[in-house]
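Each remark here refers to the structure printed beneath this line.
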Amino acid sequence: MRVIGLMSGTSHDAIDAVGADIVLRDDTIQVRLVGQLSRAYPDELRSELIAALPPGAIDMATVCRLDAAIGQAFADAAAAAQREFFSGAADLVASHGQTVYHWVQDGAVKGTLQLGQPAWIAERTGLPVVSDFRSRDIAAGGQGAPLVGLFDLLWLAGHRERAAALNIGGIANVTVTGDRPVAFDTGPGNALIDAAVELCTGGAERFDRSGERAARGKIDADMLETLLAEDYYRAPAPKTTGKELFNRSYLERVLDGRTPAADDIVATVTALTARTIADALAPMRPTEVIASGGGTHNPTLMAMLGAYLGPTRLRTSDELGLPSAAKEATAFAVLGFLTAHGLAGSHPACTGASRAAILGSITPGAAGFALPDAPTTMPRQLTLAG
């Protein structure tokens, strides 16, 4: 099955698309990556999206406009992927959409909202679309995140090391393999780093390019200890968080009355990301951490993380044949493939759900949609090529 996977994460900067040729043979999913591309959000749309995120207050008219505009942006990315990777002939689109709110109350997830109306994608491409992946896991009692847990476990099945798959997006999440696998959000990835840069530059800069500001700055030990006092870090897994908590207003509250230099603020929140990832992984004692996501392009963050991890080996998913920028879009392409075959896309141990669930909703394409013959058993491993 030729699947287009679409993803935009909690950095809210671009839509990543992959083309994947996916086959299920016996107990193995074989994934051949055909190509990847990234489409930045138009500046006006990104600005309106950022303004709508917590703690912003918006009306339903804005929600409607964003749902349509994001859907159209996803449709553009899907059409480009369909044309460039499959010469116009694909079978399915798996669209994560854009998370704008993840409703967490007293450690339990009550709901989630991803915008990006899939009808625009189906109409533009003529293909069926699987979307709204997280809601079904939440309805089954799960956290709805991180949903890449099942993909990680299949991908790393048979791996000799006790591995942790780490994704550093706006929020950082991990999946740790073993007899008792676990997956959860460790806390901020790039979210507070980006917020610090925007705050310190008055919005002139959006992120710490190549970690240059953090490299120039000094870690403010007192500020770091204040940040580490956040209750979320001590909550048990499975757990999930987002920019509902870790946002610019959060950072401004911590900075109240403090006057560190701009680069020192960036260095401190960069250290926070590295420290909280390492602290979260320490009890599980992985022998290696396999990182992906935008944070892997920040050498200062990666150096700090390597130092905090100590003897634990740190590498990127690229070394295992999976481009770090394409990992999450690839994971959702696989989840869409599973849904289309009537197979569960979640792992209860990773999300805390009462059972594994078939994820998402299906929007038919121009020719409608018919489920393929469903396999009798779930796959046990995943291999990558391309």
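Overview of results
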| quantity | calculated |
| --- | --- |
| Amide H contacts of residue 109 (H built 1.01 Å from N, under 5 Å, at least 5 apart or other chain) | none |
| Summed side-chain charge close to residue 325 - residues other than residue 325 whose Cβ falls under 15 Å, Lys, Arg +1, Asp, Glu -1 | -3 |
| Prolate/oblate/rounded call for region 78-150, Cα gyration tensor, a/c under 1.5 rounded | prolate |
| Neighbour net charge for residue 217 - beta-carbon separation under 12 angstrom, K R +1, D E -1 | -2 |
| Percent accessible area from carbon and sulfur atoms, region 236-317, protein chains only, probe 1.4 Å | 53 |
| Amide H contacts of residue 184 (H built 1.01 Å from N, under 5 Å, at least 5 apart or other chain) | 174 |
| Environment charge of residue 169, counting only residues whose C-beta is closer than 12 Å and scoring Lys/Arg +1, Asp/Glu -1 | -3 |
| Percent carbon-and-sulfur accessible area, region 60-197, ignoring ligands, DNA and RNA, probe 1.4 Å | 48 |
| Label selected from [x] 1.00; [y] 1.08; [z] 0.95, the criterion being Rg/Rh (Cα atoms, Kirkwood Rh) as computed here | [z] |
| Probe 1.4 Å, accessible area per residue of the chain, Å² | 41 |
| Where labels lie 7 Å past Cα in the beta-carbon direction, separation of residue 313 and residue 358 in nm | 4.0 |
| Dipole magnitude of region 229-386, debye to nearest 20 (Cβ charges: Lys/Arg +1, Asp/Glu -1, about Cα centre) | 320 |
| Rounded to 5, percent antiparallel among DSSP beta bridges of the chain | 65 |
| Residue (of 307, 207, 71) at the positive-pole extreme of the chain, dipole from beta-carbon charges | 307 |
| Listed peptides 174-184, 270-280, 227-237 by packing density, highest first (mean Cβ within 10 Å) | 270-280, 174-184, 227-237 |
| Potential lengthening between residue 285 and residue 256 on full extension [0.36 nm per residue; Cα-Cα distance subtracted] | 6.8 nm |
| Cβ-derived FRET efficiency at R0 56 Å, residue 63 paired with residue 222, nearest 0.05 | 0.90 |
| Point-charge dipole on Cβ atoms (K/R +1, D/E -1) for the chain, about Cα centre, debye to 20 | 720 |
| Vicinal HN-Hα couplings computed from phi for region 204-211 (Karplus, 6.51 cos²θ - 1.76 cosθ + 1.60; Hz; Gly/Pro x) | 5, 10, 10, 7, 8, 4, 6, x |
| Accessible heavy-atom area order of 65, 213, highest first, probe of 1.4 Å | 65, 213 |
| Sequence-distant residues sharing a close amide H with residue 126 (under 5 Å, placed H) | 366 |
| Rounded to whole Hz, the Karplus (6.51, -1.76, 1.60) HN-Hα couplings of region 65-78, x for glycine and proline | 4, 5, 4, 6, 5, 5, x, 5, 5, 5, 5, 4, 5, 5 |
| Net charge dipole size for region 1-120 [Lys, Arg +1 and Asp, Glu -1 on Cβ; Debye, nearest 20] | 160 |
| Distance (nanometres) between label positions extended 7 Å along Cα→Cβ at residue 23 and residue 161 | 3.0 |
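The values are calculated or read from the model by the stated rules, or taken from the named source; none is laboratory data. Please read these numbers as outputs of a predicted model, since none were measured by experiment. Please note: Cβ atoms are built from the backbone with ideal geometry, for glycine as well, and neighbour counts cover all protein chains shown. In case anyone asks, the SASA skips ligands and DNA or RNA and just uses the protein heavy atoms, side chains included. Shrake-Rupley method; radii C 1.70, N 1.55, O 1.52, S 1.80 Å.
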